[in-house]
Amino acid sequence: MTDWLKEANAQREDYLTDLISLMKIESVRDDEQATADYPLGPGPAQALAAFLEMADQDGFRTKNIDNLVGYAEWGEGDETLAILAHLDVMPAGNGWNTDPFDPVIKDGNLIGRGASDDKGPGMAAYYALKTLKDQGVHFNKKVRFIVGTDEEADWTGMHRYFEVEPAPTFGFSPDAEFPVINGEKGQVSMLLDLPGGNGDGDLLKSFDAGLRFNMVPREATAVVEVADNEDLVTRFTAFLDENPVTGSIEVEPDGAHIEVIGKAAHGMEPEKGINAATYLATFLKQLQLGGFAKDFVAYVADYLHLDTRMDKFNAAFSDPVMGEMTMNAGLLSFDQQTGAHIDMNFRYPKGITPDEIKAAVAKVAEPLHFTVTYQGGEVPHYVDPGDPLVQTLMKAYIHQTGDQGVQPEVVGGGTYGRLMKRGVAFGALMPTTTNTMHQANEFQPVNDLIMSMAIYMEAIHDLVTD
């Protein structure tokens, strides 16, 4: 029997070289720099071009579809195994100890944006496929390694792929955790809008928090105008002493500038973060605000603060198989002239609908003068754990790691795996490794990545040679 871990270790140096070269590309979607050639901004398209050039040199058949998505292909057959990864990354944000786009290896960990989500795992799966190809393994199925450039936002590229290319027979996405994710909750965002304006008394001039809907906001800022700035500073200092956040306050001619710093986390597990926006609103609730500014602060402080399960809305929901519904308040803003906007992102199990979620939000938000809408989203996805795909992937993971007794899992995250009826997520985060996706100082242990490459080698081999 082939020693897949030995084969993976033989690829370590080349793998890290190619991976780090991709991690150096700041492949964050940037609509402000979008052009005909760079439909999502230059970074994602540059990462796609770099990957396809690499795959072309490695001997794969490659195709670039509209600078949005591409693939490397090998093998022949009536069935197609798809491996779906993504080259785009989240904005770096603040709080890093190193340059997020100049990766370093320290204490055995690869540190940089994309190390864990998803360039590190994606390249591990690619190198697994490449190694099998180079060894002359006979593929009885076609394999397409498909890379998207907008997974962290709207999935623009991968949706385009499924519009213009044949649907794969089955596949997996190396964009989650081991052992196997055979179920993914549905996703939908509730969008709340409110007019601007203050009443008499203290003024909230602006409020801003969040980088993306699927990140817990690490920073939140506000500009307020009050009669007694010295008292405001005293109260804010006391607030920082009593809560698990840091921050600063500076009195400027246009008002007091307040910043609160919490902890970022992935929007599928908002309880693992510290939402700076809701803490800032909780402090601002002490002020004598009026008008729509008062409604905005009251809603965030009274209903969103420390509630990721909708308990304060009397709308908590759980399914025995898929687990609890979660809510992340990821984007929050207020401008006294133009109004307020809040994006509440939900990960929901089967058994509840977006309409029911909207009704629960509206019952609380509309009396505070918000309008509530929602758009798009993904329905819950589930593949039976007895499916041969799930069984083959589980076998590879258990054989390589010796981790007995594990079972397929359901998560709140959304991966490209859900785009296929027989699609799952498969690695590469190990069960005992800290999840730093969407956080500052994102990392992945190098040995974990090499082990994941070995797991992918065995899994792909068994899927295409049966």
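The values are calculated or read from the model by the stated rules, or taken from the named source; none is laboratory data. Model, not experiment: these values are computed from the prediction. Glycine gets a Cβ as well: all are built from the backbone with ideal geometry, and neighbour counts include every protein chain shown.
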> Of all residues in the range 52-67, how many are in a loop (DSSP other than H, G, I, E, B) and touching an Asp or Glu at 6+ places or on another chain (Cβ under 7 Å)?
Replying inline: 2
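How many of the residues in the range 1-40 are part of a helix (DSSP H, G or I) and out of contact with any strand residue (DSSP E or B) (no Cβ under 6 Å at 6 or more places or on another chain)? Don't jump to the end; show me each part of the working.
So in the range 1-40, the residues part of a helix (DSSP H, G or I) come out as 4-10, 12-23, 31-33.
From what's left, out of contact with any strand residue (DSSP E or B) (no Cβ under 6 Å at 6 or more places or on another chain): 4-10, 12-23, 31-32.
Within the range 1-40, residues that are part of a helix (DSSP H, G or I) and out of contact with any strand residue (DSSP E or B) (no Cβ under 6 Å at 6 or more places or on another chain) number 21.
Here's the yes/no breakdown for (1) touching a Lys or Arg at 6+ places or on another chain (Cβ under 6 Å); (2) outside any strand (DSSP E or B); (3) farther than 19 Å from residue 272 by Cβ; (4) not small (Gly, Ala, Ser):
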{"site": "294", "(1), (2), (3), (4)": "no, yes, yes, yes"}
{"site": "297", "(1), (2), (3), (4)": "yes, yes, yes, yes"}
{"site": "307", "(1), (2), (3), (4)": "no, yes, no, yes"}
{"site": "315", "(1), (2), (3), (4)": "no, yes, yes, no"}
{"site": "329", "(1), (2), (3), (4)": "no, no, no, no"}
> So how many residues does the range 32-76 have that are in contact (Cβ under 8 Å) with a residue 24 or more places away in the chain, closer than 28 Å to residue 465 by Cα and touching a helix residue (DSSP H, G or I) at 6+ places or on another chain (Cβ under 8 Å)?
Replying inline: 12
> Taking the range 305-351 as the search range and keeping residues that are free of Cβ contacts under 8 Å to residues at least 60 places away in the same chain and small (Gly, Ala, Ser), which one is nearest to residue 191 (Cα to Cα)?
Replying inline: 315
> Does the range 52-63 include one or more residues that are buried (at least 24 other Cβ atoms within 10 Å of the Cβ) and in the same structural domain as residue 424 (by TED's automatic domain parsing)?
Replying inline: no
> For the range 388-411, does any single residue satisfy the condition of being touching a His at 6+ places or on another chain (Cβ under 9 Å), of a type in the set (Phe, Trp, Tyr) and assigned by TED's automatic domain parsing to the domain that holds residue 181?
Replying inline: no
>> I'd like the full set of residues that are in contact with a Ser or Thr (Cβ under 6 Å, 6 or more places away or on another chain) and more than 30 Å from residue 294 (Cβ to Cβ), limited to the range 319-337.
In response: 324
> Name the residues in the range 193-223 that are touching a residue at least 60 places away in the same chain (Cβ under 8 Å), surrounded by fewer than 23 Cβ atoms within 10 Å (Cβ to Cβ) and not charged (D, E, K, R), would you?
Replying inline: 194, 195, 196, 197, 198, 199, 201, 203, 206, 211, 213
>> I'm checking my understanding of the structure. Among residues of the range 8-39 that are over 26 Å from the mean Cα position of the chain (by Cα) and crowded, with 18+ Cβ neighbours inside 10 Å, which one is nearest to residue 52 (Cα to Cα)?
In response: 11
